[in-house]
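The values are calculated or read from the model by the stated rules, or taken from the named source; none is laboratory data. Only a predicted model underlies this, so the values are computations on that prediction, with no experimental measurement involved. Heads up, the Cβs are rebuilt from the backbone with ideal geometry, glycines too, and the neighbour counts pull from every protein chain shown.
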Amino acid sequence: MALKDMVFKCLKDAAGQQFTARQLAEMIVEKYPEQASHKKANSGSNVQTMLDLIEQFAAEIGSRRPGWQEKNTQLKTTSGRPRKYYWSEHSDEAEVNLSDSLGLPAKPLATEQSALPSDPPAIITEHSLYPLLAKYLKSELDVFSMRIDEKTSSNKGGMGSNEWLHPDLVGLEDLASDWVDVIKSCVAELSERRARLWSFEVKILINRSNVRKSYFQTVSNSSWAHYGYLVAATVEGEDTMRELQMLSATHGIGVIQLDVNEPTESQILIPAKERATLDWEMCNRLAEENKDFTSYLQKIGDFSKLGKVLPTEWLMK
């Protein structure tokens, strides 16, 4: 059986689940021991152990991927590193619709005993991504965040009046958290800025069918902040990434790929451009429409008065 056939069979058997090239190589060695042994015996002096063979398989999967994808559109890959592979019979648009309505299965975790998943994977929903994003923001970027729930909006303008208005999460970064007290006092006296405000729009999946809509939704609801980010559990396809890079060059919204199994391993695929000043008019609009955003501004006010963040105020509900 050819390498392509083994890879495709592994992915079809776990349709929708995502694997790195190395995980696929480990699965092939475990599921196809005869083919693996034959490959090892005929690979020369560079492949002496099964670990060498796994490395060889992983390298071949990576090098042959572009040709495989050109002829087999069901083979999908994510952006970012490490690249992940998965199989889907659905169109790009159908994939987005399904992920929005049903969620997506999480990537299985390999164990020391086996690279194959032993339990049914958990389902990823957009709501389940919020605490994972909050964990990443605090541990890696030192940003305190909170959820903005659209259900707390007034909708006084009628149906559709708040569409694309609210971000999913907002954050506060204390720029002076490690400054000495005398510097903090000087900054307070001079009314210098000592915090940055962040805004995030969260999606399960971004691909060619929804990339522009998702990006401009983030432009609409996050451009008021110092930093605005579009966040996704999966960014599928090189064309999608190129489109995001072009849009970010013009509009300044960044992109984060969220690792649902290891949130601290999430990646900033495209850094956001910092906005020098806040759009207070938009902040006022958000506060008028949404109680959660009003609470967010109150937390910022408390921070301004106390000169420090109160972590208990920022616990994710």
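Before moving on, here are some points about what is shown:
- Out of T218, T277, sole residue that is farther than 29 Å from I123 by Cβ and among the polar types (S, T, N, Q): T277
- Tally, over segment 271-290, of residues that are modelled with pLDDT under 95 and more than 12 Å from W224 (Cα to Cα): 4
- All positions within segment 274-308 that are free of Cβ contacts under 8 Å to residues at least 40 places away in the same chain and of a type in the set (K, R): K305
- Residue ID - nearest to the chain's Cα centre (by Cα), chosen from residues in segment 283-317 that are of a type in the set (S, T, Y) and over 25 Å from S154 (Cβ atoms): T312
- Test: L51 is at pLDDT 85 or above, under 21 Å from M1 (Cα atoms) and out of contact with any Lys or Arg (no Cβ under 9 Å at 6 or more places or on another chain): yes
- Residues in segment 101-139 that are at pLDDT below 65 and either assigned to a helix (DSSP H, G or I) or aromatic (F, W, Y) (or both): S101, L102.
For every residue, the table says whether it meets (1) in a helix (DSSP H, G or I); (2) under 25 Å from E236 (Cβ atoms).
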residue: C10; (1), (2): yes, yes
residue: Q17; (1), (2): no, yes
residue: L24; (1), (2): yes, yes
residue: E30; (1), (2): yes, no
residue: Q48; (1), (2): no, no
residue: L51; (1), (2): yes, no
residue: F57; (1), (2): yes, yes
residue: S63; (1), (2): yes, yes
residue: W68; (1), (2): yes, yes
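- Segment 228-265: number of residues that are of a type outside the set (V, I, T), assigned to a helix (DSSP H, G or I) and more than 16 Å from L205 (Cβ to Cβ): 9
- Selection from segment 241-274 of residues that are surrounded by 23 or more Cβ atoms within 10 Å (Cβ to Cβ) and of a type in the set (S, T, Y): S266
- Qualifying residue in segment 70-80 (condition: under 18 Å from the mean Cα position of the chain (by Cα), outside any strand (DSSP E or B), at pLDDT 65 or above and within 22 Å of T240 (Cα to Cα)): yes
- If the condition is being free of Cβ contacts under 8 Å to residues at least 60 places away in the same chain and within 11 Å of the chain's Cα centre (by Cα), then segment 207-238 contributes Y229, L230, A232.
- Looking across segment 275-317, the residues that are surrounded by 12 or more Cβ atoms within 10 Å (Cβ to Cβ), in a loop (DSSP other than H, G, I, E, B) and not β-branched (V, I, T) come down to R275, L278, D279, G307, K308, M316.
- Single unsatisfied condition, I28 versus (1) out of contact with any strand residue (DSSP E or B) (no Cβ under 7 Å at 6 or more places or on another chain); (2) surrounded by fewer than 21 Cβ atoms within 10 Å (Cβ to Cβ): (2)
- Between W224, W198, W164, the distinction of being at pLDDT 85 or above and either at positive phi or outside the structural domain of K135 (by TED's automatic domain parsing) (or both) belongs to W164 only.
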